Amino acid sequence: MKSFLLKAAWILLFAIPFIVKSDDAPVIGVVDLIDNWDVYQDKTVRVKGYASMGFEACVLWPDDPERSRIPFEYWVWYSELGTGCAPGESGKQEKYGYVIIKGVFNKHSGGHLGMYNGTIYDATITWLDDSNKLNE
């Protein structure tokens, strides 16, 4: 019995973290990501927010298309898996909307010209709407 319990404890402590997929990570907000960036450093994250995708403008900010109301400290750069941030070169059009972005967060990288508070690398984007609205 003792041997069984030790094996079970070993499996729970060491094996399960390798089985759990990063898709199982909870969806967090941009404010949580920035306010707790040490926790998320070099980790795969899933972040919900409002995004722009345009030439040199792959930016994620909290759920509000009215960017002027969001403090700049909560703007995060993202680099899409396989294309980086150059929609025109990849055949994509500029786009705005609510998203969930999954990728690896790096608090030390400030994105384009180092202007942002971190970068989400190798991002995959799930567009939650096609409103394509900004500052209306």
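The values are calculated or read from the model by the stated rules, or taken from the named source; none is laboratory data. Small disclaimer: the values here were computed from a predicted structure and weren't measured. In this analysis, Cβ positions are derived from the backbone assuming ideal geometry, glycine residues included, and neighbour counts consider all displayed protein chains. Quick note on the areas: whole protein, heavy atoms, side chains included, nothing else; ligands and nucleic acids left out. Shrake-Rupley method; radii C 1.70, N 1.55, O 1.52, S 1.80 Å.
Structure data summary
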| read-out | value |
| --- | --- |
| Residues satisfying the stated conditions in the range 12-65, i.e. part of a loop (DSSP other than H, G, I, E, B), under 14 Å from G103 (Cα atoms) and modelled with pLDDT of 75 or more | A25, P26, Q41, D42, K43, C58 |
| Residues that are acidic (D, E) and either modelled with pLDDT of 90 or more or closer than 19 Å to Y98 by Cβ (or both), drawn from the range 66-80 | E66, E80 |
| The range 101-135, subset modelled with pLDDT of 80 or more, open to solvent by 40 Å² or more (accessible area, probe 1.4 Å) and among the hydrophobic types (A, V, I, L, M, F, W, C), residue farthest from the chain's Cα centre (by Cα) | L128 |
| Tally, over the range 105-126, of residues that are outside any strand (DSSP E or B) and hydroxyl-bearing (S, T, Y) | 2 |
